[in-house]
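The values are calculated or read from the model by the stated rules, or taken from the named source; none is laboratory data. Just so you know, these numbers come straight off a predicted model, no measurement behind them. Here Cβ is always computed from backbone atoms with ideal geometry, including for glycine, and neighbour counts include all displayed protein chains. Surface areas here come from the heavy atoms of the whole protein model, side chains and all, with no ligands, DNA or RNA. Shrake-Rupley method; radii C 1.70, N 1.55, O 1.52, S 1.80 Å.
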There are 4 protein chains.
Amino acid sequence: MSAQDSTIRARSLGIPFDGITGKFNAITDVAGVEVGHRTIIEGSGKLIKGVGPVRTGVTAILPGGKKFTPVFANWCMLNGNGDMTGTHWITESGFLETPILITNTGSVGIVRDAALEWMDKNHYYSADEDNVWYAYPVTAETYDGILNDINGFHVKKEDTWAALDSAKSGPAVEGNVGGGTGMICHGFKGGIGTASRVIDKKYGAYTVGVLVQTNYGIREQLTIAGVPVGKELADTLPIIFNGIVSNDKLDGVNAETGSIIVIAATDAPLLPHQLKRIAQRVSLGIGKVGGIGGNGSGDIFLAFSTANKDAFNRNTETTVKMYPNDNMGVLFTATIQATEEAIINALIAAKTMTGINDNTVPALPHDAVIRILKKYNRIKE
Amino acid sequence: MSAQDSTIRARSLGIPFDGITGKFNAITDVAGVEVGHRTIIEGSGKLIKGVGPVRTGVTAILPGGKKFTPVFANWCMLNGNGDMTGTHWITESGFLETPILITNTGSVGIVRDAALEWMDKNHYYSADEDNVWYAYPVTAETYDGILNDINGFHVKKEDTWAALDSAKSGPAVEGNVGGGTGMICHGFKGGIGTASRVIDKKYGAYTVGVLVQTNYGIREQLTIAGVPVGKELADTLPIIFNGIVSNDKLDGVNAETGSIIVIAATDAPLLPHQLKRIAQRVSLGIGKVGGIGGNGSGDIFLAFSTANKDAFNRNTETTVKMYPNDNMGVLFTATIQATEEAIINALIAAKTMTGINDNTVPALPHDAVIRILKKYNRIKE
Amino acid sequence: MSAQDSTIRARSLGIPFDGITGKFNAITDVAGVEVGHRTIIEGSGKLIKGVGPVRTGVTAILPGGKKFTPVFANWCMLNGNGDMTGTHWITESGFLETPILITNTGSVGIVRDAALEWMDKNHYYSADEDNVWYAYPVTAETYDGILNDINGFHVKKEDTWAALDSAKSGPAVEGNVGGGTGMICHGFKGGIGTASRVIDKKYGAYTVGVLVQTNYGIREQLTIAGVPVGKELADTLPIIFNGIVSNDKLDGVNAETGSIIVIAATDAPLLPHQLKRIAQRVSLGIGKVGGIGGNGSGDIFLAFSTANKDAFNRNTETTVKMYPNDNMGVLFTATIQATEEAIINALIAAKTMTGINDNTVPALPHDAVIRILKKYNRIKE
Amino acid sequence: MSAQDSTIRARSLGIPFDGITGKFNAITDVAGVEVGHRTIIEGSGKLIKGVGPVRTGVTAILPGGKKFTPVFANWCMLNGNGDMTGTHWITESGFLETPILITNTGSVGIVRDAALEWMDKNHYYSADEDNVWYAYPVTAETYDGILNDINGFHVKKEDTWAALDSAKSGPAVEGNVGGGTGMICHGFKGGIGTASRVIDKKYGAYTVGVLVQTNYGIREQLTIAGVPVGKELADTLPIIFNGIVSNDKLDGVNAETGSIIVIAATDAPLLPHQLKRIAQRVSLGIGKVGGIGGNGSGDIFLAFSTANKDAFNRNTETTVKMYPNDNMGVLFTATIQATEEAIINALIAAKTMTGINDNTVPALPHDAVIRILKKYNRIKE
C-alpha cells in the first residue's frame, strides 16, 4: 500500500453522507472554537520503557479561545472504560469552565495539571487575577499502548502547553495527530477526525461540529454508508502485534479494548439538560459505523454550546436564550451525521503506522473502500 | 391523650427553627401555587377488602393553577421504594407540564389517568384544543395499608378531580388530609405538612415552599431541633397493629416500610439542572429529623420553579432568567430548613387515627415534645 | 397493495441479519419468559370520544410466569417523552418484582392498577398471603391517538387481566397486536416485534431476547440492512391523517412524535449494573434502523436476567452468579442485533390499518423492500 | 488556646454518639483496608508561588493492601464542585481496581499518574506481568489554597508513593495529616477523620468504616450531637485570612468553598448497586453536622465492599454473595453515624495551623465544645 494523502477526506472520495456541512466540515465551524495538536513521534524498534518508541500526543479544544469562556455543557457515556476528568462540576454547574484536552491513558494526570498551570500562568480568568481559585480541567484519553511506550510517560507539561498555545480556528487536521497519534479504529489506523453540519434556516441555521479521537471497534463491524466494509476487508491488511499477524488488535469480540472520545460543539442556544440530549445522540453515530460500546472501550462524550456567552456570572442573575425542545430533532440528526462522518474522516486521514516492537497498523485503503461501496451501489460507477 | 388542635403548628408551640418563613409558612407562599385535598374517611372495625375501613385520599399541587403552566422542574430520590409517574419526561425536557398528585400506593394508576382525563375535559392546554397530544401526569404515593383498605381501591377518579378542582392558594392544611390521611411517620401519626422560607433580599428575596406527605421513619430516630425526642418517647404511646401493641410499625430498623414524598417550589429563576440541586438538598432536611432513607421507603423529591413562565415554547426560542450558581447556598439552606419544618408540622398537625382492624397510630403529643425540648434547653422554661 | 401475511418475518423474506437466533427468534426463547396480548379493535369512521373507533390493546411480559419471580433488572432511556412506571424501585433494588405491561399513553394508570389487583387476587407473592405489601408494576406506553380513540380510555382492567392470563411461551405474535395495535413506525404501520440471539458456546451459549413496541421514526430515516429503504419509498404509500395525504405522520423532522419501548431478556447471569449496560445498547440497534431518539419519542428500555432465580430474599444472604465484564461484548452485539431485527419484524408483520376519522397507515410493502435490497446488492437476485 | 492533643478523639471527650464502633473506630476496622499519609509542611510567612509555605499532602486508601484487589464499589455526589478521577469505570464495571488517593485540588493529576506508575513498577496486577493494560486510579481532592501554596504544585510523585508505601492497618491517624493537612471545616481547622460501626450479629455483624477529608462548611452551621455549637462559638476564635480577621473563610453563606471527600468501606457483601445506596447515605451524616452541600463544595463519596474477593474475573463466571435489601437499613444507619463521627473526629484532632501569608485557622476548642454540650444537656455535668 502506497502512502495515502492524509488531507483527503471521506466526502471527497465520494462516500455518501446526509446533511449540509459547514465551511471546514469541522468542529471549528462553530465560531470561536479553537483546536490545537501536539504530536510526538520519536524512535522505532523494540520497546524500552521510558525511552520509546513514542507515538502519542495531546489535542486541545478551546470553546472560546484562550481566555476564560465558560459555556453551557453536559456529557454522557456509552461505555465507561476510560476517564475524563472534570465531569462532576459540569454535571453540577452546567458549565464547562476550562479547555478540553485529549491524550493517552497514562498521561491524563500530567496533562490535567499542566492545563491548570497554563490557566494560572496565562491569567486565564482575568488579566489582573493572580490566582485560580478552583478549576477542574477536562482531560480525556484513549489507550495507545499498542504503538506507543505508554508507561514511559512521554507527554510533558510543555506538550500540553504547545497544544493549547497552537490552538486555532480553520481547516481540519486529522489522522495521526495530537492525542490521536497512536490510535487504532475498527482494525485500521485511527486518530483524530472532525465534521460538521449546518441545520436548516427554518430551525435557526445553527452549526453542530464534532471532533473524535477514535481508538475503538473491531474490523468486522466496520460499516461505511451502511455497507459492511469491515467484513469485505477481513482477510487483508493485517495488524502486526508482537510479531503476530492478525486482523484485529487481539482476537474476536473481546478485541474492543480501545475507546472513543467525542466532543460536540454547537452555537444553538441549548441549556445544560439539552446538551446532555446532544451528547446522548453521539452513540447513534458510532453505532452506524459499527461500534458496540465494547467492554474495553471508554466512550465518553461531551457537548457544549457557545451561545449564551453571558450566562455565567458569580453573583448576578443572567438572561439566557433557550432552544425549543420540539425542534431538537434537527440537532440530533446533525449530531449523529457529524459523528459518523468524523469517525470515517479519521480513518480516511490516518496513515499506516509502525510503533513499539514494530507493531504495525494499516491505514484503511481508500481504493478498496471505493471499490466496495461501488459493489453495494452506494457510489456510482 | 386528649384531641390536639390540628391547626396548631410546630413553630407556634415554640419549637425553634432557623430562617424566615413566608406569609403562610406553606408551599402556597410561592405565588401561583395551588394545593387541594380530597380526604376519604369511611367505616371502622375489621378490614373487609373493597368495603373498608377507608383512610386515604388525594392531594393535588398545581404549579400555576388550573390552566397549562409548564414550569422548569427536576427530581431525585433518596430511596426508590416507591413510585412517581411522569419523571422521565421531566428529566428529558426540563419541564413539568401537568399537575402533581399524591395518593396511596394502590391508587397511583387511577389518579394518574384521572388527571389526564381532567386535563382533557378542562381543555388544560388551550381553550380551543380538543385533544391532549401527550401528557405524563406526575403521580406519587406512599403506603397507607396499615390504616386503610389499600387493596380495596377506594380512590375514584372523581376524588382526583375533587382534589384538583378544590386547589387554591392560602393557609396550610396539614395532618390527616388528602394523600396523607392514613400515613405514619417516626412511629406517630403522619400526613401532610408544609413550610416555607424567604431568602435575604441581597440574594433576591425569593421563596422556597415545601410540601411533604410523610410516611417514613422509626420512632427511636425522631429528632426535633437536634433533640432525641423519639428515644425519650420510646416507652409511651404505642402503635396498635393487628392487635399487637408496639412502638413501631413493625420492629427494629426494618420497620421503615413507609416513604416520604417532597415537593419543593420556588420563584427563584432556576434552570432544570439547578432544580435538581434543590431536590437533592431535601434529603438533608429529612436526615435532621432522623430519616435514613430506609430500604422500605420511597423517598422521591420534585422541585419546580414558577419563574420563567414563558420558557416553554414548542417552536420558538425563548429567553429565560438564570440564578447564579454561586448564590445557591441560600436556596439550599432554605430547602433544608423548610423540609425539616414541614415534616414536623405534619407530625404536630396529625391526630391519632384508628383504621382497619382497629389499628391505631397515636399523634405526637405536643406537651411531651415541649417538655423534652425544655429538658435539652431548646425551649426556654 | 394486497393484504400481506402477518406471519411472515423479516428473515424469511431474505433480509440479511447477523448472528444466530434462538428457536422462535423471539423473547420467549429465554426460558420462562411468557408473553400475552389483548388486542382491541372496534368500530370505524369518525372519532366520537368514548365510543371509538378503538385500535389499541395491552401486551404483558412475565419474566418467570404467573407467580412471583423477582429477577435482576435495570433500565435506561434514549429519549424520555414517555412513561414507564415502576422504574424507581428497579434502580434502587436491582430487582423487577412484577409483570411488565405495555399499552397506550392514556391507559398507563388503569393497566398499572389492574396489574396490582391481578397480583393481589392471584396471590402472586404466595399461595397463602392475602396481601400485597407494596408493588410498583412496570407499565409502559406509546401513543396510538392517530388511529385510536385514545382519550376515550377504552382499555379496561379486564383487558389487562386477559393479557396477563393469556401469556405463554412459544412462537412470536407480531404486528397489530396487544399494546402495538395502533402504532406507527418510520411512516409505516408498526406494532409489536420480537427477535433473539444465542451467543457462542465459548461465552456461555446464552440467549438475548428482545420485544419491541414500535411507534417511532420518520420514513426518510428508515434503513434496512444498511440500505436507505425509507428514502426509496418516499413518494409512495402515503399516510392519510385527518384527510391529509402525507408520507409522514406530520411533516419534516418534527414528525417524530412516537416512541419505542424495548424489553430485553437474557438468561446470562448479569447483575443489575450489567443489565443497565444491556439496556444502553438498545439505542444502537434503533440507530441502525434509522431512529434518532426524536424529541417527541419515549424511548425507554428495560433489561432483565432470568438467571439467579434465588437472588431475591428478604432477610438472608444469597449467592448469585456473575458474568465476567470482559465477555459482555458478545451480549452487547446480540442485543443490538436482536433489537434491529425485532423492529423490522414489527414492520414486516404489521398490516395496513384504518382507524379514527379514516386515518390510514400503510404496511411496509414486502415486495418493495426486497426490490430495494436487491438494488443495493444486499439480497442476491 | 493551648495546643490540644491531636490523639484525643470526639468520643473520649464525652461527645455522645449512637452505635457500636469497631476496634479502632476507623476505616481500618474493615479487614484488609490500609491507610497511609504523606504530610508536607514546609516554610512559613509570605506566599511565594513555587516556594511555599507548603501545607498539603496525600492520603492513600488501599481496599486490599498493595496487590491487585478489585472490589465492588460505587459512588455518588452531593455537590460536584470538585473532582474524583476514575469514577466512570466504577459506574460501568462495578469494580474499584486501584488504590484511592486524596490530595489537594492542584495535585490531582500528578498523584493520579504517580499511582499508575506505582502500580506499574510494583507489578500491582501480577508478579509476572510487566504491563498495566489500563487503569484509572481514583484520585480525589479538596482545596487547601488558603493555607497552602496550592499553585506551587509541591506534591511530587514520590509523595504519592510514600503515602501508598506507608499504608497499613491499625489505629486512626487524624487531623492535619496527608491530604487533609491544610483543610478547613465549619470555620475551624479540618483534615482527616475516621470512624466505624459494627452492626448487630442478627444482621451479620458487619463493619462499616468511613474516612473523611473535611474542608467544607461554615461555622454557624456546625452542629455536634444536635447542639448548635457553631452559633455558640460565632464570636470567638476568628480565622485570619490575608490579614483580615473573620469567623468564616469569606463571609456569609457563600463562604462554603471547601469540600468533603468521604470513603466508606464495608465487609458486608454488597453488590455495586447496593454500594451506591451506601454512598448516598453519606449526605445524611454530613447534614447532621450542619453541611448543606454548598455550591463551592466538592462533596463526592465512594463506597466499596471487601467481601466477594473472587468476584472479579476477566473470562469466567464467578459466584458472589449478596446482602438482602430488606436488611440494608442497619448499614445505612451505620454509614450515617460513622460519617458524622468521622467529621467530628477530624475537627477534634486537627490543631490550629498558620500557613501562607500567616493565614491562621483555629482548632475547634475541646473545652468549649464540652461546655456547650453541657449547656444543652447532651453531656452530663
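Observations, loosely collected:
- For the rotational copy pair C/B, the chain C residue whose Cβ lies nearest the symmetry axis, together with its distance in Å, is C:109, 2.
- The D and A chains share an interface that buries close to 3600 Å² of accessible area, total over both sides, probe 1.4 Å.
- Of the solvent-accessible surface of region B:15-375, computed with a 1.4 Å probe over protein heavy atoms with every protein chain present, carbon and sulfur atoms account for 53 percent.
- Calculated label separations, residue D:7, copies of the chain, 7 Å along the beta-carbon direction, nm: 6.4, 7.3, 8.5
- Surface accessible to a 1.4 Å probe, residue B:330 within the full protein complex, Å²: 20 Å²
- Cα-centred dipole magnitude for the protein assembly as shown, charges only on beta-carbon of K, R (+1) and D, E (-1), debye, nearest 20: 0 debye
- Applying a DSSP loop filter and a limit of 15 other Cβ atoms within 10 Å to the chymotrypsin sites (Phe, Trp or Tyr not before Pro) in region A:86-156 leaves A:133.
- Across q = 0.05, 0.08 Å⁻¹, the protein assembly as shown modelled as identical point scatterers on its alpha-carbon atoms has Debye log10 I(q)/I(0) values of -0.36, -0.98, in the order of the q list.
- When C:83, A:235, C:18 are compared by accessible area of protein heavy atoms, the largest-first order is A:235, C:18, C:83, using a 1.4 Å probe.
- Where the protein assembly as shown is the region considered: accessible area per residue in Å², 1.4 Å probe: 28 Å²
- Candidate aspartates and glutamates for bridging to residue B:351, where Cα separation is under 13 Å - those fewer than 8 sequence places away on the same chain excluded: B:5, B:174
- Distance between region B:122-200 and region D:1-58 - C-alpha centres, whole angstrom: 49 Å
- Most fluctuating residue given options A:355, A:294, A:45, as computed from a GNM of chain A linking Cα atoms under 10 Å: A:45
- Calculated diffusion of region B:182-336, Stokes-Einstein form, Kirkwood radius summed over Cα pairs, 4 °C and 1.567 mPa s, µm²/s: 76 µm²/s
- Value at 222 nm in deg cm²/dmol, rounded to 500, when DSSP H runs of n ≥ 4 in chain A each add -39,500 (n - 2.57): -7000 deg cm²/dmol
- Residue B:105 sits with roughly 10 Å² accessible to a 1.4 Å probe, with DNA, RNA and ligands left out of the calculation.
- Sequence-separation-based contact order of region B:15-375, relative, with Cα cut under 8 Å and 6+ spacing, percent: 25 percent
- Global form of region A:15-375, assessed from the alpha-carbon gyration tensor, a/c cut-off 1.5: oblate
- Inter-chain Cβ neighbour average for residues C:94-101, partner chain, 10 Å: 1
- Exposure ranking of A:69, B:181 by accessible area [1.4 Å probe, largest first]: A:69, B:181
- Within the shell of other residues whose beta carbon sits under 13 angstrom from the beta carbon of residue C:379, the net charge comes to +4, with Lys and Arg scored +1 and Asp and Glu -1.
- Averaged over the residues of D:145-156, the number of partner chain Cβ atoms lying within 10 Å of the residue Cβ comes to 2.
- Accessible area of residue A:166 in the full protein assembly, 1.4 Å probe (Å², nearest 10): 50 Å²
- Inter-copy spacing of residue D:31 label points, which lie 7 Å from Cα along Cα→Cβ, given in nm from shortest upward: 3.7, 6.5, 6.7
- Accessible heavy-atom area order of B:77, C:119, highest first, probe of 1.4 Å: B:77, C:119
- Within chain A, percent of DSSP bridges classed antiparallel, to nearest 5: 75 percent
- Other-copy label distances relative to residue B:370, 7 angstrom Cα-Cβ extension, nm: 3.6, 8.8, 9.3
- Global geometry of region D:1-83, whether rounded, prolate or oblate, following the gyration tensor of its Cα atoms and the 1.5 cut on a/c: oblate
- For region C:69-219, the Rg and Dmax computed from alpha carbons only, in angstrom: 16.6, 53
- The distance separating the Cα centre of region D:72-119 from that of region B:332-373 comes to 42 Å.
- Using Cβ point charges alone (K and R +1, D and E -1), the dipole size of region A:15-375 about the Cα centre works out to roughly 700 debye.
- Residue by residue, region B:192-207 carries 3J(HN,Hα) couplings of 8, x, 8, 6, 8, 9, 10, 7, 4, 3, 4, 9, x, 6, 7, 10 Hz when phi is fed to the Karplus relation 6.51 cos²θ - 1.76 cosθ + 1.60 (θ = phi - 60°); x denotes Gly or Pro.
- Chain B: most fluctuating residue of B:310, B:299, B:267 per GNM, C-alpha cutoff 10 Å: B:310
- Cα long-axis angle, helix D:328-349 against chain D (0 to 90 degrees, to the nearest 10): 40 degrees
- Using alpha-carbon coordinates, inclination of helix C:272-289 to the longest axis of chain C, degrees: 10 degrees
- For the cross-link pairs B:66/B:309; A:189/D:67; C:201/D:321; D:67/D:168, the ones whose C-alpha atoms lie over 23 Å apart are A:189/D:67; C:201/D:321.
- Nearest-ten-degree value, helix B:366-375 long axis tilted from longest Cα axis of chain B: 80 degrees
- Top positive-direction residue, dipole computed over chain D with Cβ charges, set D:51, D:269, D:105: D:269
- Across peptide B:335-347, the average count of Cβ atoms from other chains found within 10 Å of a residue's Cβ is 1.
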